[in-house]
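The values are calculated or read from the model by the stated rules, or taken from the named source; none is laboratory data. This is a predicted model, so every value here is computed, not measured. We place every Cβ from the backbone using ideal geometry, glycine too, and count neighbours over all the protein chains shown. SASA here: full protein model, heavy atoms, side chains in, ligands and nucleic acids out. Shrake-Rupley method; radii C 1.70, N 1.55, O 1.52, S 1.80 Å.
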Amino acid sequence: MSNDEGGRIGEKRAFSESNQRRYAADGGFVSDDHELSTGDIVRFIRDAFPRVFAGVLIASAIAVAAFISFRLVAPADTFYRTSLVITMSGAEPGKYPNGAEFSLTDLRSPVVLEDVFQKNKLSDYNITLADFLGMVSIEAYSPAYKSVTDRFRARLENKTLTFEERKAIEAEFNSTLEGLGSKGVLITLTVPESIKIPDLLAQKIVDDIPAIWAGIFIDRLGVANLPVPVSGADLVNVKFLADLDYPLAYDYLTGQATKLQSQLGAIEALPGSISFISAKSGKGLADLMREADAIEQYRLKLNLKPIVDQGLSRDPTVTVPIYDNQINSLGKDASVQSAYSGRVTTVISDFRDNKGTASGAVPLSAAAPAAAGTQFDGAFVDKIIELSKQGAGAEFEQELLRKKLEMENLNVAFTDQKVRMTERRNAIVNNSLTTEVRKMLEDKFMTGLELATGELNRLWADSFGFLEELNNKRLNFDKALYRLNQLPDDTRIEKPGLLTLRAALILAAFAILGAMVGFFSFVWSRAAKSY
């Protein structure tokens, strides 16, 4: 080895040893050829940790101090509550007793809250009506809600449930919750700390809201007025009936029996009618409906109808022209409905072919009459035009198809009546009854007519007596509209929460910022010492 080479090796070793000594002296590192070892990194992290940790502590302390200060100075809200149960019939399907639409938001309607505002003189406390409207909230509520949710939660936590079993339990759970919330109401008055209202007045306000709501909606809007009137007149007018020919008398009785069925159907639609029993007659609605069916089936169709179908008539010279007129009228009605149906078919075909105009409207020419002799109802044509303007969607076509089906059903009904009327008219014209048979049929018909008249009038009176008793019960029951519940904690004071998600995120951000400040301060200090 030459002297020059030995000298260069010695210089390199001396330089490396000098770097190591300088790292030990300065607390930093300078690696030969910029190569870092694992030990160097561990020592650097160990040396930087105190400053990083100190930065996190200082930043977190600043954030916590700021949150605590905010918590101390933030205004508190006081909540005054009352709970009630809607007791009026029809509340479940969203109806008042008279059939008007019902919603929980009715309790905080402006007309109600304005009355509450004026009654309690809240303007004396520097509260505006707009402020008061924002302080009141209405929501569905049930004291049993927690117990129900806990019970169903325990059932759903069963790991052995099949998909269908779990689906059935969830459907039952949703149905139960809907039942709990359908009648329960929670009224809450939120009073900020800046508004000074005595506790007794605030609690009186939440109690006044349902009372004033019930008063306004009953007395001013008449939601407890019952929709079905009570009548004391006979269903069948005996004097009018006596002037009619036999077949016409039968037709009259049949029409009145249909009115009785309609009356009983209207009563059946009233809440509580199915389970109600008349105190006067001891009958329920099912008893009345069964008796009405018996009169229609046995007194009319099986007793009187076969007699008139044999052509029994007191004065054919009067009755036959009456039937001729009705047959002609039914034929025209059936023809009109058939023409309507045909034109709707044309509109649907045009709609499918053209998919409407550029604006989505079916050409108005499609709604024009097919023949000069066909007269169209103006409301029907207007409906076609209105639907066409709503756009060329599937709903337009479906509405037309529904209308077409209605017209076809009417056409069938009119045609059926025409056939039956024609058969009876022909029976009267072709009558070949002997005097003896005629006399027997007349006696039997008059006896059956008298029995059917008496039974229809009696049942009509029973149905209105039943309705009157039901109305009185509903009226007394519905006048209250609601019943108050007792809550264990009607008044509650709450301040904004400290440990919220937003607060946690901000605290984490401060901690990260403090760590970064500590780290960069360490790096800066080491860099400053190395120069």
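Listed values, structure above:
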| read-out | value |
| --- | --- |
| Charge dipole (segment 416-476, unit charges on Cβ, about Cα centre) - positive-most of Leu470, Gly448, Thr434 | Thr434 |
| 25 Å Cα-Cα threshold exceeded, pairs from Lys332/Lys403; Lys280/Lys444; Lys418/Lys444; Lys259/Lys283; Lys305/Lys403 | Lys280/Lys444; Lys418/Lys444; Lys305/Lys403 |
| Average accessible surface area per residue within segment 253-325, 1.4 Å rolling probe, Å² | 50 |
| Burial order of peptide ranges 327-340, 244-257 (average beta-carbon count within 10 Å, highest first) | 244-257, 327-340 |
| Area accessible to solvent at Met289, 1.4 Å probe radius, in Å² | 50 |
| Exposure rank, largest accessible area first [Trp460, Trp524, Trp213; 1.4 Å] | Trp524, Trp460, Trp213 |
| Global form of segment 266-343, assessed from the alpha-carbon gyration tensor, a/c cut-off 1.5 | oblate |
| Solvent-accessible surface (1.4 angstrom probe) belonging to Asp199, in square angstrom, nearest 10 | 100 |
| Cα-based radius of gyration of segment 190-289 once divided by 2.2 N^0.38 Å, which approximates compact folds | 2.01 |
| Length-normalised contact order for segment 201-292 - Cα pairs under 8 Å, 6+ apart - percent | 17 |
